[in-house]
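The values are calculated or read from the model by the stated rules, or taken from the named source; none is laboratory data. None of the values given here were measured: they were computed from a predicted structure. Calculation scope for accessible area: heavy atoms of the full protein, side chains included, ligands and nucleic acids excluded. Shrake-Rupley method; radii C 1.70, N 1.55, O 1.52, S 1.80 Å.
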Amino acid sequence: DGSDDETRGVVQRFEDSRIRYIRHDSPRGGAAARNSGIKAATGEYIAFLDDDDEWEPNKTESQLGVLASCDVVLCMSTSSAEQDVRDLVKKGVCNLEQLRRGMPRIGAGVSAIMGRADVFRNVLFDERLPRCQDWDLLIRLAAQYRVQYFGKRLVRYNDGQHSRISNALTKTNQQSQTEIAEKWLHFFNKHRAFFGERLYRHHVINALLYGIRDRSDKIKYLHEMAARLGY
C-alpha cells in the first residue's frame with residue numbers, strides 16, 4: 001500500500017516464483033490493498049495477513065480442513081479469551097444476528113479470515129470505510145454464504161505500540177481524536193437499518209467513547225456525547 005518500510009527488499013530475498021509482490025504507488029488504505037490482492041489472486045482459496053500479525057505454521061492446513069463444509073472460516077488469535085473461544089465454538093456458525101450485536105471476538109481481524117476465492121471476488125472490502133472493514137465484510141458475507149468459527153488460536157496478535165487503526169485515537173490530540181471517531185461512524189451509518197435504532201445507538205456510543213481514558217477532557221466529552229445521543 002505504498003509503504004516505505006523495505007518490504008520490497010525483504011520479499012526479493014525469497015527465491016520462490018509463487019511469491020508475487022504487488023505495490024500501490026501511493027497509500028490507498030487497507031481495504032484497497034486487500035482488494036488488489038483478491039483481484040490478483042489465482043488460487044482456489046484466499047487468506048489475509050496484516051503486517052503486524054503472524055500465522056501459526058499449521059493455520060492454512062487447519063482452516064482448509066474446515067472449508068470442506070463452509071465458504072469462509074474464522075480462526076482465533078492469541079488475544080482471544082478462553083471464554084470467547086468456547087462461546088464462538090458453541091455457536092459454530094457466524095450469522096447475521098450475531099453480527100448485528102457486534103463484531104465476533106476472534107481477536108485477530110482479517111488475519112483470521114480464510115475462504116474460497118470466488119466468495120471474496122463477489123464480496124470485496126468496502127474501500128470507503130476507514131474502520132470496521134472486517135465487520136462490514138462479515139455482514140455482507142454472512143448474508144450470502146456460510147461463515148463458520150474454528151476454535152483454534154492460529155494467529156499471533158501483536159498488541160504493541162506500533163501505528164495501527166485501533167490505537168490511532170490514543171496517538172493524537174483531542175480535536176483530531178474526535179475527528180477520527182466521527183469518520184469511523186461511516187460504517188454504522190451504512191448499516192443503520194441492519195442494526196436497528198437501539199443497537200445502532202449502542203454501537204455509535206461505543207465508537208465515540210473508544211479511547212476516552214486517554215483524554216484529559218473526559219467529563220466534558222461525556223456531557224457532549226450525552227447531549228448528542230441521550231443518556
Selection from segment 110-121 of residues open to solvent by less than 30 Å² (accessible area, probe 1.4 Å) and not small (Gly, Ala, Ser) yields Val110, Ile113, Met114, Val119, Phe120
Restricted to segment 154-199 and to residues being open to solvent by 20 Å² or more (accessible area, probe 1.4 Å), farther than 24 Å from His223 by Cα and of a type in the set (A, V, I, L, M), the residue modelled with the highest pLDDT is Ala193
